[in-house]
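Contents: one structure, followed by commentary.
The values are calculated or read from the model by the stated rules, or taken from the named source; none is laboratory data. Computed from a predicted model, the values in this text were never measured in an experiment. No Cβ is skipped: glycine too gets one built from the backbone with ideal geometry, and neighbour counts run over all protein chains shown. Only protein heavy atoms, including side chains, enter the accessible area calculation; ligands, DNA and RNA are left aside. Shrake-Rupley method; radii C 1.70, N 1.55, O 1.52, S 1.80 Å.
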Amino acid sequence: MKPFAEMTKEELQALRKELAVKYREYQGKDLRLDMSRGKPSVDQLDLSMGMMDVLTSDMDLTCDDGTDCRNYGVLDGISEAKELLGDMMEVAPDHIIIYGNSSLNVMYDTVSRSMTNGVMGNTPWCRLDKVKFLCPVPGYDRHFAITEYFGIEMVNVPMTSDGPDMDMVEELVARDESIKGIWCVPKYSNPQGISYSDQTVRRFARLKPAASDFRIYWDNAYTIHHLYDLDQDHLIEILAECKRAGNPDLVYKFASTSKISFPGSGIAAIAASQNNLVDIRKQLRIQTIGHDKVNQLRHVRFFDGIHGMVEHMRLHADILRPKFEAVNRILTEELDGLGIGSWTMPKGGYFMAFDSMDGCAKAIVAKCKKAGLVMTGAGATYPYGKDPHDSNIRIAPSYPPLKDLEMAMELFALCVKLVSIDRLLAGMKE
């Protein structure tokens, strides 16, 4: 089939009539397909069920250093958990604080603490006339929700194949003292699956921000979430690079086991310089006596070191890989060469990004929903839900069973075609 833009009005109308019949057939199937969030599937959750058996009532719940995990204490996490998460995050254990079940909660706390108490002796953000964050787009909607909640102005920074537009980042942070942070998903980014290039990471580490309390919010959510054994993206470790560049305090690094063990029942961590950790612990001592050490110990004994965690992620990959490949195959079969969309095929992570013709994303998602397929809302990958081109759609292949996913993507491709034809026909009427 030739590109839609090269078709005559009559050809487009005839094709639309044919596709509309197929769409009505989907509507008649009473589908209930959900691709709205990047949730692990039931099969993935089953991989971690052995974690329920590693601690029993007759076991010793004492750590190597004598800590009784059943009791109060140990503000920043048991040493074994710091070692495990440190290996996962490629950071020394003494640069880590272990939190509760969610890295999103840690990021929220970090922004909240900066608002109320400031960063390392700087003026609390709530006392400033204006606070801004840089937001690489398309990006993670929950990041944007945090900064919007606190009334922080968000500034879009375009993503490139190497990561955020660093010329723009360097210029903005150097001249605007009100810019206090930037959201980053540096490896297998949400939603495009892009991993930052070596040059991009080095440029981040060498930023010269006007604000002394500027921080890079480095959400390395997919640090070991590869789809392939041999073809993997690798990232320069940002804390070490910042130290080499003479900017040791520039970054907060976040991670969790949410998509490794059980989402909502994992363990999360922040890694940072010693100066930053001292500042964080001041607030943490007021907030808690210590997070769930029993859960920390459960993870340590289940994985038995980073090698066990890596092997566990291979099992996840065996489930996820066919799904990502199915999405890519169906989009290629149905849409390649038509000039009505482009998409990413990452080497890891949880998402793929689809870019439609300008002005079509909301209509595509709405049309999918009318036929029983729920997608992430169009615009969600931009601050305030405002995609200036109305083109980006996040695809989350992980949750549905493979057969349901294939049906969902065939329906999605059909909706892309129908909406694109309507857009082109509308342009011909003008």
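Before moving on, here are some points about what is shown:
- Among the conditions (1) of a type outside the set (A, V, I, L, M); (2) open to solvent by 80 Å² or more (accessible area, probe 1.4 Å); (3) farther than 21 Å from ILE393 by Cβ, GLN44 misses just one, which is (2).
- SER114 open to solvent by less than 30 Å² (accessible area, probe 1.4 Å), of a type in the set (Ser, Thr, Tyr) and closer than 30 Å to LEU227 by Cα: no
- Those strands (runs of 3 or more DSSP E) of segment 114-218 in which at least 3 residues are touching a Phe, Trp or Tyr at 6+ places or on another chain (Cβ under 6 Å) and in contact (Cβ under 8 Å) with a residue 24 or more places away in the chain, considering only elements entirely within it, cover 179-184.
- Any hit, segment 277-286, residues being over 21 Å from TYR217 (Cα atoms) and touching a residue at least 60 places away in the same chain (Cβ under 8 Å): yes
One line per residue, one yes/no per condition, for (1) open to solvent by 10 Å² or more (accessible area, probe 1.4 Å); (2) more than 26 Å from ALA20 (Cα to Cα):
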| site | (1), (2) |
| --- | --- |
| ALA378 | yes, no |
| THR381 | no, yes |
| GLY385 | yes, yes |
| ASP390 | yes, no |
| ARG394 | no, no |
| PRO397 | no, no |
| LYS403 | yes, no |
| LYS417 | yes, no |
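- Contact map, segment 72-97: first residue more than 17 Å from SER273 (Cα to Cα) and modelled with pLDDT under 95, second residue surrounded by 18 or more Cβ atoms within 10 Å (Cβ to Cβ) and among the hydroxyl-bearing types (Ser, Thr, Tyr), Cβ cut-off under 9 Å, separation 6 or more or different chains; pairs are GLY73/THR67.
- Residue match in segment 48-64 (condition: open to solvent by 10 Å² or more (accessible area, probe 1.4 Å) and in contact with a Pro (Cβ under 6 Å, 6 or more places away or on another chain)): no
- Contacts under 9 angstrom Cβ, first residue in segment 311-336 being more than 21 Å from LYS417 (Cα to Cα) and in contact (Cβ under 8 Å) with a residue 24 or more places away in the chain, partner among the acidic types (Asp, Glu) and open to solvent by 60 Å² or more (accessible area, probe 1.4 Å), 6 or more apart: ARG314/ASP229; ALA317/ASP229; ILE319/ASP43
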